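I am attaching a structure below and will ask some questions about it afterwards.
The values are calculated or read from the model by the stated rules, or taken from the named source; none is laboratory data. Model, not experiment: these values are computed from the prediction. Every residue, glycine as well, gets a Cβ built from its backbone with ideal geometry; the counts of neighbours run over all protein chains shown.
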């Protein structure tokens, strides 16, 4: 009787998991999501950054929501969204505290937001609202988008810019610190459709103009962080490493996904990568002096590099896959690249 009961339970579990298992065989994105979910998403919906002491942040929550929506995994989407909303949403606005540290006495030691995380969450909700016909998701997305527009977009030197957070990125002289990889062009386009404000179109165009000016050093690459002053001068951020690295690698991805990539806009990156034919591409390069990291770029970087090359050299690399050694960020870039490929091929 006990053995029979065990078999019944096992069968019930198999049936409950069958849709996910079937989806996993339908294509690489679904199967990679199952890997990702099993490795980084806790049962309560918290996403662990395994390369950063298992902290959680809005970037990771928003990315996992995007992946769950794309793979029709509504149960996971709801768990991730509920944890995000209940744990990180600020009481004073629709924005979110950017980081949660399970080892800290106060897990939210810094209540400031991170704009890219807020954008990813809002974008995932907007996509989910359309996918699953949910007015609740749409209402939440609209509130977040309105808060981003009201609190995080400002004008400097005649240009609309996207502040990385609501506090700490503008000095007394009016110079702002910006992160070019926070311009998630497909999300900006989606926000324009959702919100109806012309601000989003202007922000995207001004972001492309800013990117054209943010080219430095022998490689003419864009660093992770830049400064823009009241005179319109763009420089690498003064107190941060002037590297084309772990943030800026996302710029080509979002340009391609947003359908605003051109050969000219990506020429510098391609030239830099091609300079390492036959040897590993470094994880970062200092845009001011050309020094490079002593360790190679992770697999997630390579997925983006392959995507860029495929767009302009008519190559079709195999879909990227999460490897055993990939941490949260590398795995996230791999799934993001797969999503971008899916979007531009349809």
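May I ask you to list the residues in the stretch 293-315 that are closer than 11 Å to residue 281 by Cα and either touching a helix residue (DSSP H, G or I) at 6+ places or on another chain (Cβ under 7 Å) or surrounded by 14 or more Cβ atoms within 10 Å (Cβ to Cβ) (or both)?
293, 296, 297, 298, 299, 301, 302, 305
What pairs come out if I take residues in the stretch 148-172 that are at positive phi and in contact (Cβ under 8 Å) with a residue 24 or more places away in the chain and pair them with residues that are surrounded by 14 or more Cβ atoms within 10 Å (Cβ to Cβ) and assigned to a loop (DSSP other than H, G, I, E, B) whose C-beta lies under 9 Å away, six or more apart or interchain?
Correct list of pairs: 157/229; 168/112.
Does at least one position in the stretch 88-98 carry a residue that is part of a loop (DSSP other than H, G, I, E, B), crowded, with 24+ Cβ neighbours inside 10 Å, in contact (Cβ under 8 Å) with a residue 24 or more places away in the chain and more than 15 Å from the chain's Cα centre (by Cα)?
There is at least one residue in the stretch 88-98 that is part of a loop (DSSP other than H, G, I, E, B), crowded, with 24+ Cβ neighbours inside 10 Å, in contact (Cβ under 8 Å) with a residue 24 or more places away in the chain and more than 15 Å from the chain's Cα centre (by Cα).
Looking only at the stretch 38-75, count how many residues are closer than 17 Å to residue 109 by Cβ, outside any helix (DSSP H, G or I) and in contact with a helix residue (DSSP H, G or I) (Cβ under 7 Å, 6 or more places away or on another chain).
Residues in the stretch 38-75 being closer than 17 Å to residue 109 by Cβ, outside any helix (DSSP H, G or I) and in contact with a helix residue (DSSP H, G or I) (Cβ under 7 Å, 6 or more places away or on another chain): 3 in total.
Looking at the stretch 120-146, which of the residues that are under 17 Å from residue 96 (Cβ atoms) and surrounded by fewer than 20 Cβ atoms within 10 Å (Cβ to Cβ) is farthest from the chain's Cα centre (by Cα)?
This residue is 139.
Separate question: Is the stretch 213-235 home to any residue that is out of contact with any strand residue (DSSP E or B) (no Cβ under 6 Å at 6 or more places or on another chain), surrounded by fewer than 22 Cβ atoms within 10 Å (Cβ to Cβ) and at pLDDT below 95?
So far as the stretch 213-235 goes, no, none of its residues is out of contact with any strand residue (DSSP E or B) (no Cβ under 6 Å at 6 or more places or on another chain), surrounded by fewer than 22 Cβ atoms within 10 Å (Cβ to Cβ) and at pLDDT below 95.
Ok, one more. Can you name the residue in the stretch 199-222 that is out of contact with any helix residue (DSSP H, G or I) (no Cβ under 8 Å at 6 or more places or on another chain) and outside any helix (DSSP H, G or I) and is also nearest to residue 176 (Cα to Cα) among such residues?
216
Please indicate, with yes or no, whether at least one residue in the stretch 240-257 is in contact (Cβ under 8 Å) with a residue 24 or more places away in the chain, part of a strand (DSSP E or B) and out of contact with any helix residue (DSSP H, G or I) (no Cβ under 7 Å at 6 or more places or on another chain).
Yes; the residues of the stretch 240-257 include at least one that is in contact (Cβ under 8 Å) with a residue 24 or more places away in the chain, part of a strand (DSSP E or B) and out of contact with any helix residue (DSSP H, G or I) (no Cβ under 7 Å at 6 or more places or on another chain).
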